[in-house]
Amino acid sequence: MAAPARRYDPGRRQRIIDAAIRVVGDRGIAGLSHRSAAAEADVPLGSTTYHFKTLDDLLIAALRQANEAYAPVLVFREGEDLAGALARLLGEVLDADRGRAELEYELYLAALRRPALRPVAAEWCEAVTTALEDHTDPLTARALVAVMDGISLQVLLTGTPYDEGYAREVLSRVLRPA
């Protein structure tokens, strides 16, 4: 008896990544396995291990996708300075979909325990820093990214509402000349 022909499914890899993101969003990184991603994507377990040899490979793909999706564009409103634009943008990101922001930070922070994720987390920091270098010097751009990450984590971890005025003031202090 001949083995059944393999079905061509060009979207399967992407469905697995999307499923992994949903699993992490629902159950956290601890709930992600090849098996849970396969079940969520409705694909055979072998498909997840075919496309992603290790769980870190799957997490890297999920983090990369989250980074690409989480690329807000800095647009200035009339009369708005850099601190004001960043504070407004940060509020828009945190208020638009808090669950999504939590998911992205969970994937980002997974790099603490999973060294394979660190280069992808660093890519995100570098991309944001580079975008800010159009508006300030490289050192200040890095400091702004650190402050925005800190404010975001405080809001997400404590459940407190985002305070745009506070964020604008802190960002303004980073931007003040020494």
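Take the conditions under 28 Å from Thr158 (Cα atoms), surrounded by fewer than 17 Cβ atoms within 10 Å (Cβ to Cβ), among the small types (Gly, Ala, Ser) and modelled with pLDDT of 90 or more and apply them to Gly31. Does it pass? Even if it seems obvious, please write down each step before you answer.
Working: under 28 Å from Thr158 (Cα atoms): yes; surrounded by fewer than 17 Cβ atoms within 10 Å (Cβ to Cβ): yes; among the small types (Gly, Ala, Ser): yes; modelled with pLDDT of 90 or more: yes.
Yes, satisfied.
Within segment 124-137, is even one residue under 24 Å from Asp57 (Cβ atoms), in contact with a helix residue (DSSP H, G or I) (Cβ under 8 Å, 6 or more places away or on another chain), in contact (Cβ under 8 Å) with a residue 40 or more places away in the chain and among the small types (Gly, Ala, Ser)?
yes
Kindly list the number of the only condition in (1) out of contact with any Leu (no Cβ under 9 Å at 6 or more places or on another chain); (2) of a type in the set (S, T, N, Q); (3) over 30 Å from Ala61 (Cβ atoms) that fails for Gln154.
(3)
Tally time: how many residues in segment 89-117 are aliphatic (A, V, I, L, M) and open to solvent by 20 Å² or more (accessible area, probe 1.4 Å)?
6
Residues checked against (1) within 26 Å of Gly31 (Cα to Cα); (2) of a type in the set (Gly, Ala, Ser); (3) touching a Pro at 6+ places or on another chain (Cβ under 8 Å):
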| position | (1), (2), (3) |
| --- | --- |
| Leu103 | yes, no, no |
| Arg114 | yes, no, no |
| Arg118 | yes, no, no |
| Ala131 | no, yes, no |
| Thr140 | no, no, no |
| Leu153 | yes, no, no |
| Arg176 | no, no, no |
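Residue-wise test of (1) open to solvent by 40 Å² or more (accessible area, probe 1.4 Å); (2) aromatic (Phe, Trp, Tyr); (3) in contact with a helix residue (DSSP H, G or I) (Cβ under 9 Å, 6 or more places away or on another chain).
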| site | (1), (2), (3) |
| --- | --- |
| Arg77 | yes, no, yes |
| Ala87 | no, no, yes |
| Pro119 | yes, no, yes |
| Leu139 | yes, no, no |
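Report, by residue number, each residue of segment 8-46 that is closer than 15 Å to Leu59 by Cβ and in a loop (DSSP other than H, G, I, E, B).
Gly28, Leu32, Ser33
Let me confirm something: among Arg88, Arg142, Arg118, which residue is in contact (Cβ under 8 Å) with a residue 40 or more places away in the chain and among the basic types (Lys, Arg)?
Numbers: Arg142 fails: in contact (Cβ under 8 Å) with a residue 40 or more places away in the chain; Arg118 fails: in contact (Cβ under 8 Å) with a residue 40 or more places away in the chain.
Step by step, each of Arg88, Arg142, Arg118 is checked, and only Arg88 is in contact (Cβ under 8 Å) with a residue 40 or more places away in the chain and among the basic types (Lys, Arg).
Report, by residue number, each residue of segment 40-55 that is hydrophobic (A, V, I, L, M, F, W, C) and under 23 Å from the mean Cα position of the chain (by Cα).
Filtering segment 40-55 for residues hydrophobic (A, V, I, L, M, F, W, C) gives 41, 43, 45, 52, 55.
The answer is Ala41, Phe52, Leu55.
The values are calculated or read from the model by the stated rules, or taken from the named source; none is laboratory data. Computed from a predicted structure; not experimentally measured. Virtual Cβ from ideal backbone geometry, glycine too; neighbours counted across all protein chains shown. The area values use the complete protein model at the heavy-atom level, side chains included, leaving out ligands, DNA and RNA. Shrake-Rupley method; radii C 1.70, N 1.55, O 1.52, S 1.80 Å.
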